[in-house]
Structure formats: structure tokens, C-alpha cells
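Readers should treat all values here as calculations from the given coordinates under stated rules, not as data from a laboratory. Predicted model, so just to flag it, every value in this text is computed and none were measured. Neighbour counts are summed over all protein chains in view; Cβ atoms, including those assigned to glycine, are modelled from backbone coordinates with ideal geometry.
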Ligand SMILES: [Zn+2]
């Protein structure tokens, strides 16, 4: 059994571009990679592998054939197909869009197979939890997560899917809403005007999947302290009771307090602490993918911290020189890898509504009763 941690990455990602005015900048992946490299987080035994382009056969395990054809054609012809979500403000048609999306799927597909060898794998380019079987949505064209989870389900394996992105994983929820093999847990901002609008507390799954879909809706300005409390109440007991064959985490980091698209009030502290906690208690296969995050330097800092946690290494307090120079050019004003202060919220203070929601979820999940 191979145990070396694996980062899946290709510099090709940075060659694709959603467009100058689009908030999702693929350059952030290159920036995060640069930081990891400078911090020594990619040195042996850590391995780095390039993703491959997923075959059509793999795409069709989740996506509809017509949509896949249209996606390919839209890319080739440079034309919009709004009825398939293509050529919208969120999902522009850009050169190489189809190849980029296939690389994303290929990387996560490859990732779960490597993880099943007993390894910890991180594919920063993955995490497209909004893509629908029949259309593009929310910056996502092909749903690498749903495709991978479906493959795990097909093999009869149990997956604990934990989505930290500030947005609800609507398309993943729908894909596994009646399944008890994929336990979906999502922490996300919720409330009027929040994309995508789904992810209510009461959406707990149906049929065999009843109680296997757990949403923790968060109010604006939710802080580290409250999220940490909720995490401790839910995730460790679920890991223990569900006994998954694989842990699958979506590391969207757009809940950071400085993220331009959302209104949560999280710091680098919560992301690192959750990753370190999972690393200390989970020793089985672990697949992590990226997700949202629209402040480039923050994304790189947080993923650097989370990867260091996953592989059990410490990082120095100050950003390495070369990275810091780039970070400053991107508008970052500190020399530090962690935020200052390193935590948001008052110790011991958890809003009563967070406690009530968590208690509801603990009652809703049959394996915790
Ligand atoms: Zn997001």
C-alpha cells in the first residue's frame, strides 16, 4: 500500500481564463502551488501528479450526452448556449473551456483512485459542486465531485462528503439525496440573496437517504468560534458512526472574512484547525478538492496551511520571500501566512441559533441517534 501524500496539479490550469472581469481566476492555483513549493510542502515523500483529461465515458456517468456535446461545440465554435448555462456572466464561453473542465474531472477521478490506495490527495483544481447534469452553473461546467462520488457509490463504498465552501453544494446534494452511501455535510452561508438559495436545514434527504444530507446554514458574519463548535459537534461523531471508506472534503475557502463574494467572517485559523483536526483523527483514504475563493493571496495562504495540515508539516510564520513579493503586488499587506488575529469570535461564544441548528441535525441523522 502506497501512503505518500499526493498533490494533483498542472501548470496548464493557469493558461485557461474565464475572462478579465470574472471573479474566478485560475491563476490562484499557480499561486497556491508556488507557495507550497517554496514552503517545502511538495518535497518527498510528497508526490505531485498531473491530471489527465477525463474520457467522455466518465463524463456521461453524471452528465447528459446532449449537454456534453453542446459544451464541446460551444468551446470549439466560441458560441453561447444560454439554455445550457453557457455564455452567461457566471459561465462564460472561453477558449479551452471543455479541455479545462475535462482536466478538472480527470484530476478528481484520478484522485479518488489514488486516495483509495490509502493516501491523502489534494486536487486544488477540483470542487465544481454547482454543475448540473444538463447545464453549467455557478462557475462550474462539469461536476468533478458528483462524478467521483457516483463512482465510489457504484463500487459499493461509503463516502463522508464534507463541503466547507461558503456556497451550498446544490448539485451534489441533489445527486445523492436518496443515497445512504454518500453522507453529504455542507456548511454554508444561507439567507436572502445568497447563491444558490438551497441548503436549508430541513433538506435532510429522502427515502434511503433520509438523514444522510446535513446542511448547516450560516448567517452572515458567522465567526470561527461558532463554526469550530459546530464542526466538533458534527464531524468527529459522524466519522465515527458512519465509518466511511473514504473521506472527501471540498475546501472552498470563500468563507474567509475578506472574500469579495460572500459575507462570512472566517479567518485562516478555522481552516487550518479543521484540517489539522481531521488529519489527527482520520487515517483512511482522504480526497480533498478546492472550490471557491476569490481573493487570490488568501486562497493560496489558506490552501497552503490546509495542505501542510494534511501532510502533518509545520510552516514558518512569515511567507517565503518570492511568494511575498507576488502577494504584495496582488495587494496583500502582511508578511504573515496566517491572519492577525488568528481567530474570529469570542472564546466560548456560540450563537443560540447555531446550537439549535446543530441539535436539529444530530437528531435528523439516523446513525447518531
Ligand atoms: Zn463558493
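At 0.36 nm per residue, and after removing the present C-alpha to C-alpha distance, how many nm does the segment from residue 49 to residue 12 gain when stretched out fully?
Working: separation 37, 0.36 × 37 = 13.32 nm, distance 1.26 nm.
Separation in residues times 0.36 nm, less the Cα-Cα distance, equals 12.1 nm.
Sorted by mean Cβ packing within 10 Å, highest first, what order do the peptides 287-298, 93-104 take? Intermediate results must be reported in sequence, preceding the final value.
Values: 287-298: 25.8, 93-104: 20.9.
Those peptides, ordered most packed to least, come out 287-298, 93-104.
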Candidates 268, 108, 344: whichever shows maximal mean-square fluctuation once the chain is modelled as a Gaussian network with Cα springs under 10 Å
344
Estimated inter-spin distance, residue 329 and residue 313, nm [label 7 Å along Cα→Cβ]
2.4 nm
Taking the chain as a Gaussian network, Cα atoms linked when under 10 Å apart, which of 352, 335, 65 shows the biggest mean-square fluctuation?
352
How many nm separate the modelled label positions at residue 38 and residue 154, each set 7 Å beyond the Cα in the direction of the Cβ?
4.2 nm
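Show that you can apply the helix-only estimate: for the chain, add -39,500 (n - 2.57) for every DSSP H stretch of four or more residues, divide by all residues, and state [θ] at 222 nm to the nearest 500. Mind showing how you got there, number by number?
Working: 11 runs with 135 residues, N = 369.
Computed mean residue ellipticity for the chain: -11500 deg cm²/dmol.
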Which whole-angstrom value gives the distance between the alpha carbon centres of the range 104-118 and the range 181-254?
23 Å
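Apply 1/(1 + (r/R0)^6) to the Cβ-Cβ distance of residue 69 and residue 117, taking R0 = 51 Å, and write down the FRET efficiency to the nearest 0.05. All intermediate terms of the calculation are to be shown ahead of the outcome.
Values: r = 34 Å, r/R0 = 0.67.
Result of the calculation: an efficiency of 0.90.
Counting DSSP beta bridges with both partners in the range 6-368, what percentage is antiparallel, nearest 5?
Expressed as a percentage, antiparallel bridges in the range 6-368 total about 10.
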If one computes the Cα centroid of the range 142-159 and of the range 330-369, what distance in Å separates the two points?
28 Å
With just the Cα atoms of the range 164-291, tell me how far they stretch along each of the three principal axes, in Å, largest first.
37, 33, 23
For the residue pair residue 192 and residue 322, what label-to-label distance in nm results when each label sits 7 Å from Cα along the Cα-to-beta-carbon direction?
5.0 nm
Per 20 Å bin, what percent of the C-alpha pairs of the range 6-368 does each bin hold, from zero upward?
32, 61, 7
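With N set to the number of residues, divide the alpha-carbon radius of gyration of the range 41-95 by 2.2 N^0.38 Å and report two decimals. Don't jump to the answer; show the numbers that get you there.
Values: Rg = 15.9 Å, N = 55, 2.2 N^0.38 = 10.1 Å.
Taking N as the residue count of the range 41-95, the ratio is 1.58.
Can you tell me how much longer the chain between residue 76 and residue 134 gets when fully stretched, taken as 0.36 nm per residue apart minus their C-alpha distance, in nm with one decimal? Provide the component values of the computation, followed by the final result.
Numbers: separation 58, 0.36 × 58 = 20.88 nm, distance 1.87 nm.
Additional length available on full extension: 19.0 nm.
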Which parts of the range 1-34 would a label at residue 283 reach, counting a residue when its backbone N lies under 17 Å from a point 7 Å out along Cα-to-Cβ?
1-5
